[in-house]
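Working notes for the structure below.
The values are calculated or read from the model by the stated rules, or taken from the named source; none is laboratory data. Remember, it's a predicted structure, so these values are computed and weren't measured experimentally. Ideal geometry is used to build each Cβ from the backbone, glycine not excepted, and the neighbour counts take in all protein chains shown. Only protein heavy atoms, including side chains, enter the accessible area calculation; ligands, DNA and RNA are left aside. Shrake-Rupley method; radii C 1.70, N 1.55, O 1.52, S 1.80 Å.
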Amino acid sequence: MHNDAPNTYDAIVIGGSFAGLSAATYIARARRSVCIVDAGLPRNRFAAHSHGFLAQDGSDPAVILATARSQVRAYPTARFVASRATDAQARDHGFTVALADGETLHAGRVVLAFGLSDDLPAIPGLAERWGASVIHCPYCHGYEFSDRRLGVLASTPMSVHQAMLVAEWGPTTFYLNGQPAPEASQLAELERRGVAIEPAAVTALHGDLPRLSAIELADGRVEPLDALYVGPRTRFNSDIAEQLGCALEEHAAGAFVRTDSLKETTVPGVYAAGDIARGAHSVAWACADGVTAGVAVHRSLIF
């Protein structure tokens, strides 16, 4: 370790899922001290299978993370803390991070990888199927529902784009759920792609959990459905980025932390990786961002 003071590290990684563990791996392999603070609630804990991640297609994401944690723990300069970061401040050429259990950590660099949470629509039966038959990303989960009866729920301005995309995987209905109809040009494009429009509000989802077999509408109709795509609004799992003064950017579903090509935020010495630092999300992107941040942290400590 390059730091001998108690609870002092070269880097603190806040969040121990795919992005955070990838960053920590590269920092530890560079023989620098790194402390990973993890609350143990990865965003994709609701999914039984991870798809599209090279050589891990169909694997249980919890198993992938467990393997990664054991591998990172094998490095003598890595430490895990099962807690939640509650406060972070810039201090004397470095940073202090306060934890929920009262411990305070110090480091020269910080990697933010605390992830997002999805604010799901309050429709009975929806949350219980999230990650199984109520899904978000067609690249991550769409293949398994190929040519089945698909639906897209209007929830953000990007939902109409999502409906156009999902139609590539099978017959699709765009459920407006009482929201205004898309503009004429979008309606024409949806029609060209064979997407049906359903204006009625959605009142419930049905089926033997976690399967989806039908969707119930406000006028009493119950229509067969095998998968419902939802692009929910997201929120940060922590306000640490705001505490540190990192600039944020807004997109259709929420906010993300602004970073440069090396994943450094607008605050020197603070990096961000994974879902909180980009508009598009996947395990592969999270890992790639974590690698970029980890390498950048190490090089910043040298040059």
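Residues that are within 19 Å of Gly274 (Cα to Cα) and not in a loop (DSSP other than H, G, I, E, B) within the range 32-62 comprise Val34, Cys35, Ile36, Val37, Asp38, Arg43, Asn44, Arg45, Phe46, Ser50, Pro61, Ala62, listed in sequence order. Would you point out the residue of the range 169-187, among those that are touching a residue at least 12 places away in the same chain (Cβ under 8 Å), of a type in the set (S, T, N, Q) and not in a loop (DSSP other than H, G, I, E, B), that is least open to solvent (accessible area, probe 1.4 Å)? That would be Thr172. Taking the range 89-111 as the range and being surrounded by fewer than 18 Cβ atoms within 10 Å (Cβ to Cβ), of a type in the set (Val, Ile, Thr) and either assigned to a loop (DSSP other than H, G, I, E, B) or touching a Leu at 6+ places or on another chain (Cβ under 9 Å) (or both) as the test, no residue passes. Of all residues in the range 266-288, those being assigned to a loop (DSSP other than H, G, I, E, B) and under 14 Å from the mean Cα position of the chain (by Cα) number 6. For the range 253-262, which residues satisfy the criterion of being in a loop (DSSP other than H, G, I, E, B) and closer than 24 Å to Tyr139 by Cα? Hit for the range 253-262 is Ala253, nothing else. Of all residues in the range 221-244, those satisfying the criterion of being open to solvent by less than 50 Å² (accessible area, probe 1.4 Å) and more than 15 Å from Thr173 (Cβ to Cβ) are Gly231, Pro232, Thr234, Phe236, Ser238, Ile240, Ala241, Leu244. In the condition set (1) buried (at least 22 other Cβ atoms within 10 Å of the Cβ); (2) at positive phi, Gly269 is compliant with all but (1). The set of residues in the range 272-286 being crowded, with 22+ Cβ neighbours inside 10 Å and at pLDDT 95 or above consists of Ala272, Ala273, Gly274, Asp275, Ile276, Ala277, Ala286.
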